1. Looking at Phe106, Phe18, which is the one that is hydrophobic (A, V, I, L, M, F, W, C), more than 26 Å from Asp2 (Cα to Cα) and touching a residue at least 24 places away in the same chain (Cβ under 8 Å)?
2. So Asp45 ticks every box in (1) touching a residue at least 40 places away in the same chain (Cβ under 8 Å); (2) farther than 14 Å from Arg14 by Cα but one. Which box is left unticked?
3. Looking at segment 6-19, can you tell me whether even one residue there is modelled with pLDDT under 95, of a type outside the set (Asp, Glu) and over 16 Å from Gly110 (Cα atoms)?
4. Quick one: which residue in Arg3, Arg27, Arg22 is closer than 18 Å to Pro67 by Cα, open to solvent by 70 Å² or more (accessible area, probe 1.4 Å) and not in a helix (DSSP H, G or I)?
5. Can you pull out every residue in segment 93-119 that is closer than 17 Å to Gly8 by Cβ, among the hydrophobic types (A, V, I, L, M, F, W, C) and open to solvent by less than 40 Å² (accessible area, probe 1.4 Å)?
6. Looking at Gln82, Gln97, Gln91, Gln43 in this structure, which one is over 19 Å from Leu5 (Cβ atoms) and either of a type outside the set (A, V, I, L, M, F, W, C) or touching a Pro at 6+ places or on another chain (Cβ under 8 Å) (or both)?
7. Can you give me the number of residues within segment 50-71 that are surrounded by 15 or more Cβ atoms within 10 Å (Cβ to Cβ), touching a helix residue (DSSP H, G or I) at 6+ places or on another chain (Cβ under 9 Å) and part of a helix (DSSP H, G or I)?
8. Name the pairs whose Cβ atoms lie under 8 Å apart, with the first residue in segment 51-73 and under 20 Å from Asp37 (Cβ atoms), the second open to solvent by 90 Å² or more (accessible area, probe 1.4 Å) and of a type in the set (Ser, Thr, Tyr), and 6 or more positions between them or separate chains?
Amino acid sequence: MDRILLEGMAFFGRHGVFPAERELGARFVVDVEIDTDLTTAAQTDQLGDTVDYAHVHALVKQILEGPPCNLLEAVAERIAIQVLSLSGVDQVKVRIQKRPPLDGEFRAFGIEITRGRKR
């Protein structure tokens, strides 16, 4: 299986359980891996024969900058559902990281989910 990678997409959103996360917002970093067959696109060199990563980026942006969720799990699930609805996508992995307003030293907190097309 082939894979399309969208790595390090950064967006500002207001997702989180804590009031400060909703009020102040935060920067979210998202990676999306799409499993698909790229054979036809490689042969035809036509955008219509692959998954348009610019379209996927726009979907992720709309979700991250849209209505807030309490949990990263819910944000990732929304992304996975949208990406899986695209033609040719067999499986998607979504990774989201953020730096919540907590005391202590840490780089980021995050989650990763993998979802496949139901057959």
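The values are calculated or read from the model by the stated rules, or taken from the named source; none is laboratory data. Source: prediction; values computed, not measured. So basically every Cβ, Gly included, is an ideal-geometry build from the backbone, and we count neighbours across all protein chains shown. Side chains are part of the model used for accessible areas, which takes the heavy atoms of the whole protein and leaves out ligands, DNA and RNA. Shrake-Rupley method; radii C 1.70, N 1.55, O 1.52, S 1.80 Å.
1. Residue meeting the stated conditions: Phe18.
2. The number of the failed condition is (1).
3. Checked against the condition, which is being modelled with pLDDT under 95, of a type outside the set (Asp, Glu) and over 16 Å from Gly110 (Cα atoms), segment 6-19 yields at least one hit.
4. Arg27
5. Listed by number, the residues that qualify are Val94, Ile96, Ala108, Ile111.
6. Result: Gln43 is the single residue among Gln82, Gln97, Gln91, Gln43 that is over 19 Å from Leu5 (Cβ atoms) and either of a type outside the set (A, V, I, L, M, F, W, C) or touching a Pro at 6+ places or on another chain (Cβ under 8 Å) (or both).
7. Summing the residues that are surrounded by 15 or more Cβ atoms within 10 Å (Cβ to Cβ), touching a helix residue (DSSP H, G or I) at 6+ places or on another chain (Cβ under 9 Å) and part of a helix (DSSP H, G or I) in segment 50-71 gives 5.
8. Val51/Ser87
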